[in-house]
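The values are calculated or read from the model by the stated rules, or taken from the named source; none is laboratory data. All of these numbers come straight from a predicted model, not from anything done at the bench. Glycine gets a Cβ as well: all are built from the backbone with ideal geometry, and neighbour counts include every protein chain shown.
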Amino acid sequence: MSTPINTASSTKVKWVWIGIRGILSLALGNAGVQKLLHSDEMVGNMTHLGYPEYLLTILGIAYLLGIIALWQPWSAALREWAHAGFTIAMLGAFASHLFVGDPAQYFAPSLVFLVLFQVAYILEKKYSPK
């Protein structure tokens with residue numbers, strides 16, 4: 001037997017979920033644009049990690065399409081794929097920085113984003129309309 005969800009509490013949690021998704025979208029949207037523009041910082045990071053520069057274009061497009069997919073209301077499956085894509089991207093960023101011996105300040109942001117994506121995903125599954 002399922003327990004009824006308190007409407008006021010549910011509304012607050014929904015706003016938290018939207019807020020987290022908004023923060024992630026702004027941060028990763030900025031990163032996506034910087035990747036597409038091949039900013040000096042992004043090129044330096046990719047070179048340091050041993051990846052080719054053209055990967056910035058691929059990731060930039062993927063980030064921006066992923067953000068659109070997170071916010072579109074028509075397909076829950078597409079939102080799930082976006083969550084999966086960002087999860088893989090954050091795990092890859094974490095592992096890449098770890099493997100080249102970078103200090104925590106370089107790989108910690110990917111872990112923070114990873115946790116926030118998981119929280120947003122759980123809240124979406126629990127509180128979004130079916």
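Yes or no, residue by residue, for (1) among the acidic types (D, E); (2) in a helix (DSSP H, G or I); (3) surrounded by 15 or more Cβ atoms within 10 Å (Cβ to Cβ); (4) in contact (Cβ under 8 Å) with a residue 24 or more places away in the chain:
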| site | (1), (2), (3), (4) |
| --- | --- |
| K12 | no, yes, no, no |
| V16 | no, yes, no, yes |
| I23 | no, yes, no, yes |
| L28 | no, yes, yes, yes |
| Y51 | no, no, no, yes |
| L59 | no, yes, yes, yes |
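Which condition number does S39 fail, the rest of (1) more than 18 Å from S96 (Cα to Cα); (2) touching a residue at least 12 places away in the same chain (Cβ under 8 Å); (3) hydroxyl-bearing (S, T, Y) being met? All conditions pass for S39, except number (2). Contact annotation: residue pairs with Cβ atoms under 6 Å, 6 or more positions apart or on different chains, pairing a residue in the stretch 94-108 that is over 18 Å from E41 (Cα atoms) with a partner that is outside any loop (DSSP other than H, G, I, E, B) and modelled with pLDDT under 95, are L98/F107.
From the list K35, K12, the lone residue that is closer than 15 Å to L123 by Cα and either at pLDDT 95 or above or over 20 Å from the mean Cα position of the chain (by Cα) (or both) is K12.
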